[in-house]
1. Can you put 185, 42 in order of accessible area, largest first, using a 1.4 Å probe?
2. What's the center-to-center distance, using Cα atoms, between the range 203-222 and the range 11-47 in Å?
3. Let me cross-check residue 68: its accessible surface, 1.4 Å probe, with only protein heavy atoms counted, in Å² to the nearest 10?
4. Tell me, what ³J(HN,Hα) does each residue in the range 216-228 have, in order and in whole Hz, if you take phi through Karplus 6.51 cos²θ - 1.76 cosθ + 1.60 with θ = phi - 60° and put x for Gly and Pro?
Amino acid sequence: MPHELIGREIFAVGKWNGIEFTEEDLDDIAANFELLKEQHRVPLKFGHNDEQPITDGQPAIGWVSRVFKQGQKLYADFQDMPRTVFEAIKNRMYRTVSIELLFNVDNDGKRYNHVLDAIALLGADHPAVNSLADLDALLATRTRFTGGHRLAFETIAGTSKKLKYEKESFNMDEKQVKDLIDSTVEPLKEANAKLTEQLENANKTIANFTKQQEEDEKKAKQEAIKASRKAITETLDQAVRQKTLTPAFRENYEKQIGLDNDETVVNIDLEQVKQMFSVDKIDGGPQGREKDGDVDDVDDAEAQLHHLTRKNMAETGEDDFRVSFNRVAAANPKLHKAYLNSNGVK
């Protein structure tokens, strides 16, 4: 679990190796840290002592979260420190700190006189860290300022130890560029893979929905065709029963209005058909198979056969009128005989 240290002294007013630092300079360091902290993270790192196993160029062992001045001294808060380093500092194994300052650098068209660039821990003693995994370390990336130079000041409570002068080229080598690109691209690859998977799942859902919608529309269309054909057939049956339509004319009329055509039957105006043949209501008419003695009105045998034939076509899905007619005639021999007699067939 990362740890933090609050209010640790890092620098003080004074003359260090010929360079005078005033309270205004310390205010400038603190103010510039606040202005640049979102784009220029300041790392805590192991310092320059060659006796230490981990020195310059290693990953950060913490980050500076705040810089502030009290009196004539500069203080800092540190966060995201691994436990090993946190305990080492608490046990006073690292008493010396080195601040690295950038002087007179430019960034986004603005000049900064003092920019805190890093804070290093110094000391011959060191915590027992045998691998970077023990540090839970993060790579310290810095803003690429232009111009200026860096100075490192190593102090104990404001006492000057030595002064280092370092020209800074501010260039990244090939490995640093690759590491930076990888650290940026890999999360994007993972995010892209996740988004791709989500898109594929969404497309499958849309495809399933579209298929179901098409099936529902097809079913609804078939139901509409069936309902329209049934309503028109029952209306014509009633017209034949009430003798406003002859069976002979009925067959021609059905062809004319396209009763057997699925594309046209749904567009037939039922009310217009009712008005044409003066049909106010449907009273049912003869249904099912005839019983012995059912055929009392032989003059209406043709209308009854036509009605039963249409009913059979609706129930069986048969499209051929003659096939259904012959089936009904075979099932109703007395009615068929009356039909033949009414047409002069013995």
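1. In descending accessible area the options line up as 185, 42.
2. So the separation of the two Cα centres works out to 68 Å.
3. 40
4. Couplings: 5, 5, 5, 5, 5, 5, 5, 5, 5, 4, 5, 5, 5 Hz.
The values are calculated or read from the model by the stated rules, or taken from the named source; none is laboratory data. Computed from a predicted model, the values in this text were never measured in an experiment. These accessible areas exclude ligands, DNA and RNA; they are computed on the full protein's heavy atoms, side chains included. Shrake-Rupley method; radii C 1.70, N 1.55, O 1.52, S 1.80 Å.
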